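These notes are about the structure you will find just below.
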Amino acid sequence: MANNIAFQPMGKTTRINVTTAANTVAILSDSPANQVRIHNGTAAEVFVRLSNSSTGDAVVPVGGTPAYGMVLHNNTTIILTAPAQATNTATLYLSAIAATGTGIVYATPGEGL
């Protein structure tokens, strides 16, 4: 559950190499956590999607057509509440895709602001 304290990591950080093809990885937590800190440390704009399915790929939207993906601007960090808890027995998936070029995204499960 989210709380009003500084972000507390609750698992290992995962690196995602982002290209113009969706890359979906498992985010595993050491203890139940329903948030993920996501950092785009590159110049590329990427789109991300949290899902409880390994086939829930992020998609770059095109004009007039909605798509599953939330933009994460370059050199930005956000904390997202997940659709399901990541635990040591339940897997949460993060998918990332770049509109153009390549990038690197880091994701850490945990809780807090």
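Taking the stretch 30-60 as the region of interest, how many residues are closer than 15 Å to residue 98 by Cα and surrounded by 15 or more Cβ atoms within 10 Å (Cβ to Cβ)? Please lay out each step first, then the result.
Looking only at the stretch 30-60, we keep the residues that are closer than 15 Å to residue 98 by Cα, and these are 38-49, 57-60.
When the remaining residues are screened for being surrounded by 15 or more Cβ atoms within 10 Å (Cβ to Cβ), the result is 38-40, 42, 44-49, 57-60.
Of the residues in the stretch 30-60, 14 are closer than 15 Å to residue 98 by Cα and surrounded by 15 or more Cβ atoms within 10 Å (Cβ to Cβ).
For the stretch 72-109, which residues satisfy the criterion of being touching a residue at least 60 places away in the same chain (Cβ under 8 Å) and at positive phi? Explain how you work it out, then say what you get.
If we filter the stretch 72-109 for residues that are touching a residue at least 60 places away in the same chain (Cβ under 8 Å), which is where we start, we get 79, 81, 86, 88, 91-109.
Selection gives 101 alone.
How about the stretch 1-55: which of its residues are under 13 Å from residue 69 (Cα atoms) and part of a strand (DSSP E or B)?
Once the filter is applied, which keeps residues that are under 13 Å from residue 69 (Cα atoms) and part of a strand (DSSP E or B), the stretch 1-55 yields 23, 24, 46, 47, 48, 49, 50, 51.
Return only the number of the condition from (1) outside any strand (DSSP E or B); (2) over 10 Å from the mean Cα position of the chain (by Cα) that residue 58 does not satisfy.
Of the numbered conditions (1) outside any strand (DSSP E or B); (2) over 10 Å from the mean Cα position of the chain (by Cα), the odd one out for residue 58 is (2).
Consider the stretch 12-27. How many of its residues are of a type outside the set (Val, Ile, Thr), over 15 Å from residue 103 (Cβ atoms) and within 12 Å of the chain's Cα centre (by Cα)?
Taking the stretch 12-27 as the starting set, the residues that turn out to be of a type outside the set (Val, Ile, Thr) are 12, 15, 17, 21-23, 26.
Then keep just the ones that are over 15 Å from residue 103 (Cβ atoms); that gives 12, 26.
Of the ones still in play, those that are also within 12 Å of the chain's Cα centre (by Cα) are 26.
The number of residues fulfilling the criteria is 1.
For the stretch 61-73, give me each residue that is surrounded by fewer than 16 Cβ atoms within 10 Å (Cβ to Cβ) and either β-branched (Val, Ile, Thr) or in a strand (DSSP E or B) (or both).
62, 65, 70, 71
Could you list, in sequence order, the residues of the stretch 88-103 that are at pLDDT below 90 and open to solvent by less than 20 Å² (accessible area, probe 1.4 Å)? Spell out the reasoning first.
In the first step, residues of the stretch 88-103 are kept if they are at pLDDT below 90; the result is 88-92.
Correct list: 92 only.
Is it the case, given these coordinates, that residue 69 is over 13 Å from residue 92 (Cβ atoms) and either of a type outside the set (Gly, Ala, Ser) or free of Cβ contacts under 8 Å to residues at least 12 places away in the same chain (or both)? So that I can check it myself, show each step before the final result.
Details: over 13 Å from residue 92 (Cβ atoms): yes; either of a type outside the set (Gly, Ala, Ser) or free of Cβ contacts under 8 Å to residues at least 12 places away in the same chain (or both): no.
No.
The values are calculated or read from the model by the stated rules, or taken from the named source; none is laboratory data. This structure is a prediction, so every number in the text was calculated from the model and none was measured. In this analysis, Cβ positions are derived from the backbone assuming ideal geometry, glycine residues included, and neighbour counts consider all displayed protein chains. When the accessible area is computed, the model is the full protein with side chains, heavy atoms only, and any ligands, DNA or RNA have been set aside. Shrake-Rupley method; radii C 1.70, N 1.55, O 1.52, S 1.80 Å.
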